[in-house]
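Reading through the structure tokens given below for one structure.
The values are calculated or read from the model by the stated rules, or taken from the named source; none is laboratory data. Just so you know, these numbers come straight off a predicted model, no measurement behind them. As a convention, Cβ positions derive from the backbone with ideal geometry for all residues, glycine included, and neighbour counts pool all protein chains shown.
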Amino acid sequence: GQSLEQPSEVTAVEGAIVQINCTYQTSGFYGLSWYQQHDGGAPTFLSYNALDGLEETGRFSSFLSRSDSYGYLLLQELQMKDSASYFCAVTIGTYKYIFGTGTRLKVLA
Amino acid sequence: DAGVIQSPRHEVTEMGQEVTLRCKPISGHNSLFWYRQTMMRGLELLIYFNNNVPIDDSGMPEDRFSAKMPNASFSTLKIQPSEPRDSAVYFCASRTSDRGWETQYFGPGTRLLVL
């Protein structure tokens, strides 16, 4: 079967750094993506890692270790607008994405 | 670019009625996905089209669900007859097969409530 695990909820204060972990067990692996979804909104793409290492995009960074079947999303200089759900997703084929159950991030003032 | 467009944004219907959800992908994108999102099951892929052809419909829950893509700019997801357990948010997403293929662009979703 396919499974992705991520924490259900994370709380942090404005200006802090938070890391959201994702471990996966899938039958195939092309890459690991991260999506952000605000309440009532649509998922929006944040990052994609196909190879081991760190990818940085502004305040957000994403890391992948294929040997450990593990990745994380790092959010720096947290802002109130970062309060949302964050989903990791594994691409197991050219089109098939398996999404995690999501991590709800609460940013406190 | 207008992004992925879905209609209606909200739909309330009674059990047994036919429901049709519509999607217009981003111009130039040749891959289209229909997803369903619920609290219990998260985001699930229902069907995937490539170049207007259904490639994988293994996620379609039952024969009550059907999807079509008559051309590159339009797709429908139909539920007939609808049941209360079909209540969910249905997202359409599109992507290119060129550079940047790993990014899916989601529409705003259709919130379906079946009474």
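Assorted remarks:
- Subset of the range A:72-92 [away from every other protein chain (no Cβ under 14 Å) and either of a type outside the set (S, T, Y) or more than 13 Å from A:F60 (Cα to Cα) (or both)]: A:L73, A:L74, A:L75, A:Q76, A:E77, A:L78, A:Q79, A:M80, A:K81, A:D82, A:S83
- Test: residue in the range B:70-80 that is more than 20 Å from B:N52 (Cα to Cα), surrounded by 20 or more Cβ atoms within 10 Å (Cβ to Cβ) and hydrophobic (A, V, I, L, M, F, W, C): no
- Residues of the range A:93-106 that turn out to be in contact with a strand residue (DSSP E or B) (Cβ under 6 Å, 6 or more places away or on another chain) and either facing another protein chain (nearest Cβ under 8 Å) or of a type in the set (V, I, T) (or both), as a count: 8
- Qualifying residue in the range A:96-107 (condition: surrounded by fewer than 20 Cβ atoms within 10 Å (Cβ to Cβ) and modelled with pLDDT of 95 or more): yes
- When residues of the range B:81-91 are limited to those that are surrounded by 15 or more Cβ atoms within 10 Å (Cβ to Cβ) and more than 14 Å from B:K24 (Cα to Cα), the one nearest to the other protein chains (Cβ to nearest Cβ): B:V89
- Filtered residues of the range A:59-73 (kept if in a strand (DSSP E or B), in contact with a strand residue (DSSP E or B) (Cβ under 6 Å, 6 or more places away or on another chain) and over 15 Å from A:Q37 (Cβ atoms)): A:S61, A:S62, A:F63, A:L64, A:Y70, A:G71, A:Y72
- Residues of the range A:74-83 include none that is on the phi < 0 side of the Ramachandran plot, out of contact with any Ser or Thr (no Cβ under 8 Å at 6 or more places or on another chain), modelled with pLDDT under 95 and assigned to a loop (DSSP other than H, G, I, E, B).
- Within the range B:35-53, being surrounded by 15 or more Cβ atoms within 10 Å (Cβ to Cβ), more than 11 Å from chain A (Cβ to nearest Cβ) and either on the phi > 0 side of the Ramachandran plot or free of Cβ contacts under 8 Å to residues at least 24 places away in the same chain (or both) holds for one residue alone: B:N52.
- Among the residues making up the range A:40-58, a single one is within 9 Å of chain B (Cβ to nearest Cβ), more than 12 Å from the chain's Cα centre (by Cα) and either exposed (fewer than 11 other Cβ atoms within 10 Å of the Cβ) or part of a strand (DSSP E or B) (or both): A:G40.
- A single member of B:G3, B:G28, B:G16, B:G59 is of a type outside the set (S, T, N, Q), part of a loop (DSSP other than H, G, I, E, B), surrounded by fewer than 15 Cβ atoms within 10 Å (Cβ to Cβ) and within 12 Å of another protein chain (Cβ to nearest Cβ), and it is B:G3.
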